[in-house]
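Working notes, structure below.
The values are calculated or read from the model by the stated rules, or taken from the named source; none is laboratory data. Here the structure is a predicted model, which means the values were calculated and not measured. Virtual Cβ from ideal backbone geometry, glycine too; neighbours counted across all protein chains shown. With ligands, DNA and RNA removed, areas are computed over all heavy atoms of the protein, side chains included. Shrake-Rupley method; radii C 1.70, N 1.55, O 1.52, S 1.80 Å.
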Number of protein chains: 2
Amino acid sequence: MILSGSVRAAARLMRDIEDGMPGTDVALKELYRHTGRARVIGITGSPGAGKSTICDQLIKAYRNDGKKVGVVAVDPSSPYSGGALLGDRIRMQEHATDPGVFIRSMATRGNLGGLSASTCDVIKVMDAMGCDMVLVETVGVGQDEIDIARAAHTTIVVLIPGMGDDIQAIKAGLLEVADCFVVNKADRDGADKVERELRVMLDMRGARKGEWTPPIVRMVALKGEGIDSLKGAVAQHGAFLADDTWAGALAVQRRKCELVEVIRSKLRIAVDGVIDSYAGGIDAISAELGPGGRDPYSVADELIEKAIESLSEKK
Amino acid sequence: MILSGSVRAAARLMRDIEDGMPGTDVALKELYRHTGRARVIGITGSPGAGKSTICDQLIKAYRNDGKKVGVVAVDPSSPYSGGALLGDRIRMQEHATDPGVFIRSMATRGNLGGLSASTCDVIKVMDAMGCDMVLVETVGVGQDEIDIARAAHTTIVVLIPGMGDDIQAIKAGLLEVADCFVVNKADRDGADKVERELRVMLDMRGARKGEWTPPIVRMVALKGEGIDSLKGAVAQHGAFLADDTWAGALAVQRRKCELVEVIRSKLRIAVDGVIDSYAGGIDAISAELGPGGRDPYSVADELIEKAIESLSEKK
């Protein structure tokens, strides 16, 4: 169904993945051999950096080339509402009627979360659906975001001028996952400073022979300035990935992360199941905890043991 | 040792927790019943908002009251380097010789358990050590930060003027975790606008009867302006938590988050065990994966099955 392009079947599968429904595995196993064609591009950076605008520009650019585009908007900052950002939704609306664009917002659900695993699975569905490009937009720079960045072929890190001292820290952390930097809002004061600091950091790291040096692209995304350069940089990195002698090693690396995510996700879903099987669920279990009651470490051991039992019983 | 105030023993345990060493569980189970006395205050917001300066001011204020203060500086943006912010380290140095202040920087490092879980555990160690206040400073607004915020009694969200449109998004996500807002750098243009927008959002949410309405404190933290108001707001929220009829429900909510963190942490470690149980290691397995080879879902099933077998043999 999905392979033949049924958008509705794909949408249902993606929703099931996000909700951690059992049985999505069967469909994913089936789909897996039809994946590997899409280029996955991560777009990450601090809130307010303009990631959505850049994403929007990339959609337009790839659509102009006649490519099918998937977009996964990951919004871990809103775990309660489970919803995507209203602003993004509105901005993305103009693509909503375009049959060549698939947009999916992700939030964490379920007792134990699991954003990165479900995001990877949703990327695969879009890949199997025939998307040529899959753009993954992540808000923030937590562990989940870094795991997601590792799943992408090319990760774009977006920075803006005037973020203060702490930008050093962001850069240090994101340096390792960045394949391309964007200095957005480059018409503002301080853009030169950001670019200079980035170059210093890249120089300090040094380039091993044959290693990729992330280009720095200046943009004023709201006005569409710099989008061509960004598209060029992404294409260049794609050529590097394909040509380079490390391509194989990088692919294995990506598959390794993927496998770890899948294992983690399976165990998590099993424990979620055990929690839900208790009368009163996790709230009832939690009410027994406290300095005067049970400690969470022992309770966790017990729940995991039960989950493992349930997994071996299934056999 | 830790209960009798041995700083060295506590520091070693905290390092073991951060490094994900086995066996920390035993100590934590022991400590758990001595926790629950510290007030945990989260300080979160975008990079560059001045969180460290505010943290610094709060340390001074609480030290003046003769309170023991613990500080956990969380830096998830640097998982590879494992380093904390140099700037923060320097700023915090003046407290380094004060025996009533305990400072611990957290990074994700090789920690399999995840940042939020280990942060929660470190908070507990500080609590058991007799800290009256534990300040937890988090960079960014990813899922980890939100999990950490949920572990705090009072979460302060720091905003600054001039962050652009997406501030709406940040506010929407952080609105749910914020018990107090700080508009820092309030001497800058746009401070009124930020405050006005916050009020509109708080109004839109509406206040259920008896519910806490987060106060908005204007600060110029670098000059120490507004620190008394912030301290007052934190104290007020503390009184609310103690008096309110929901206090019990909130405590259960916090314990629930804690339990989820512990489970997640143990699961991560379990996944590693599953992988290590395989001869040839994960690299060999990963090399077999791919659209033309094996799929990660089946391999994950197989590995989990093997791990379960080895577990039941051990029993």
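Things to note:
- Criterion: in a helix (DSSP H, G or I), surrounded by 15 or more Cβ atoms within 10 Å (Cβ to Cβ) and within 7 Å of chain B (Cβ to nearest Cβ) - qualifying residue of A:LEU222, A:LEU230, A:LEU303: A:LEU303
- Flag for A:LEU259 being part of a helix (DSSP H, G or I) and more than 7 Å from every other protein chain (Cβ to nearest Cβ): no
- Criterion: more than 20 Å from A:ARG63 (Cα to Cα), under 19 Å from the mean Cα position of the chain (by Cα) and modelled with pLDDT of 90 or more - qualifying residue of A:VAL122, A:VAL183: A:VAL122
- Meets criteria (modelled with pLDDT of 75 or more, hydrophobic (A, V, I, L, M, F, W, C) and not in a strand (DSSP E or B)) for A:VAL157: no
- Number of positions in segment A:43-61 that are more than 24 Å from B:LEU159 (Cα to Cα) and open to solvent by less than 10 Å² (accessible area, probe 1.4 Å): 3
- Count of segment A:270-300 residues which are surrounded by 15 or more Cβ atoms within 10 Å (Cβ to Cβ) and farther than 22 Å from B:GLY36 by Cα: 6
- Flag if B:GLY162 is outside any helix (DSSP H, G or I), open to solvent by 10 Å² or more (accessible area, probe 1.4 Å) and either at pLDDT below 70 or facing chain A (nearest Cβ under 10 Å) (or both): yes
- Residue check: A:PRO22 meets all listed conditions (1) part of a helix (DSSP H, G or I); (2) at pLDDT below 85; (3) exposed (fewer than 14 other Cβ atoms within 10 Å of the Cβ) but one, namely (1).
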